[in-house]
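The values are calculated or read from the model by the stated rules, or taken from the named source; none is laboratory data. Note that the structure is a prediction, hence the values are computed from the model and not measured. For neighbour counting, all protein chains shown are included, and Cβ atoms are generated from backbone atoms with ideal geometry for every residue, glycine included.
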Amino acid sequence: MKIYVALFRGINVGGKNILPMKELASVLGALGAQNIKTYIQSGNAVFVSPEKDTLRLANSISREIKKRRGFEPHVLLLGLEDIERATMKNPFPEAAIDPKALHAGFLASAPEKPNLKALESLKSASERFQLIDKVFYLYAPDGIGRSKLAANVEKLLGVPMTDRNWRTVCKIREMAQELS
């Protein structure tokens, strides 16, 4: 059995693409997942599964949601080791004081040709970022709501990404560790 962290993109609390976490747990259970725990409505789950093929499992989850709800969210599956590595490699440990200021963008794959120069040109005076493996760390003490950098990261990295604030990353890691 493998411990997975599932990060969903395109799931909303209101409006379109609504997927209650209770139903998400049902989807995961129907696909053989066990010890399922979800965290906040925006689409975070941890579970164990006998499935070893991460891509096949992510695609199965996405297809099952489409079958039940009519939309197909992007599902990024990480192993416990991936989320632990992301927290250990945090280049901005001072952000622990204000975990909402630090965001981790989890990438579907390592970018082949990230446009770091363009990203650098978009950042505000208070923003800092670093790309480490398949995680884009963004320290934005003034928030990301109006950040030109945050708005353009995915396009300039060239790979799908789903973003979580540091408080959420740490909580998901804690939940996943409880399964080991």
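Tally the residues that are of a type in the set (A, V, I, L, M), touching a helix residue (DSSP H, G or I) at 6+ places or on another chain (Cβ under 8 Å) and not in a loop (DSSP other than H, G, I, E, B), restricting the search to segment 84-115.
Counting residues in segment 84-115 that are of a type in the set (A, V, I, L, M), touching a helix residue (DSSP H, G or I) at 6+ places or on another chain (Cβ under 8 Å) and not in a loop (DSSP other than H, G, I, E, B) gives 6.
Considering only segment 18-38, state which residues are assigned to a loop (DSSP other than H, G, I, E, B) and surrounded by fewer than 18 Cβ atoms within 10 Å (Cβ to Cβ).
Pro20, Leu31, Gly32
Name every residue in segment 124-180 that is among the small types (Gly, Ala, Ser) and in a helix (DSSP H, G or I), in order of residue number.
Scanning segment 124-180 gives Ala150, Ala151, Ala176.
Could you check how many residues of segment 98-117 are loosely packed, with under 13 Cβ neighbours inside 10 Å, more than 20 Å from Glu84 (Cα to Cα) and touching a residue at least 24 places away in the same chain (Cβ under 8 Å)?
Summing the residues that are loosely packed, with under 13 Cβ neighbours inside 10 Å, more than 20 Å from Glu84 (Cα to Cα) and touching a residue at least 24 places away in the same chain (Cβ under 8 Å) in segment 98-117 gives 2.
Please work out which one of (1) in contact with a Gly (Cβ under 9 Å, 6 or more places away or on another chain); (2) among the aliphatic types (A, V, I, L, M); (3) within 20 Å of Leu157 (Cα to Cα) is the condition Ala101 fails and give its number.
Single failed check for Ala101: (3).
Looking at the structure I just gave you, is Ala95 crowded, with 17+ Cβ neighbours inside 10 Å, in contact (Cβ under 8 Å) with a residue 60 or more places away in the chain and not assigned by TED's automatic domain parsing to the domain that holds Leu55?
yes
Could you list, in sequence order, the residues of segment 122-140 that are surrounded by fewer than 15 Cβ atoms within 10 Å (Cβ to Cβ) and either under 17 Å from Tyr4 (Cα atoms) or not acidic (Asp, Glu) (or both)?
Ser124, Ala125, Ser126, Gln130, Ile132
Which pairs have Cβ atoms under 9 Å, sit 6 or more apart or on different chains, and link a residue in segment 21-40 that is touching a residue at least 60 places away in the same chain (Cβ under 8 Å) to one that is acidic (Asp, Glu)?
Asn35/Glu178; Lys37/Glu178
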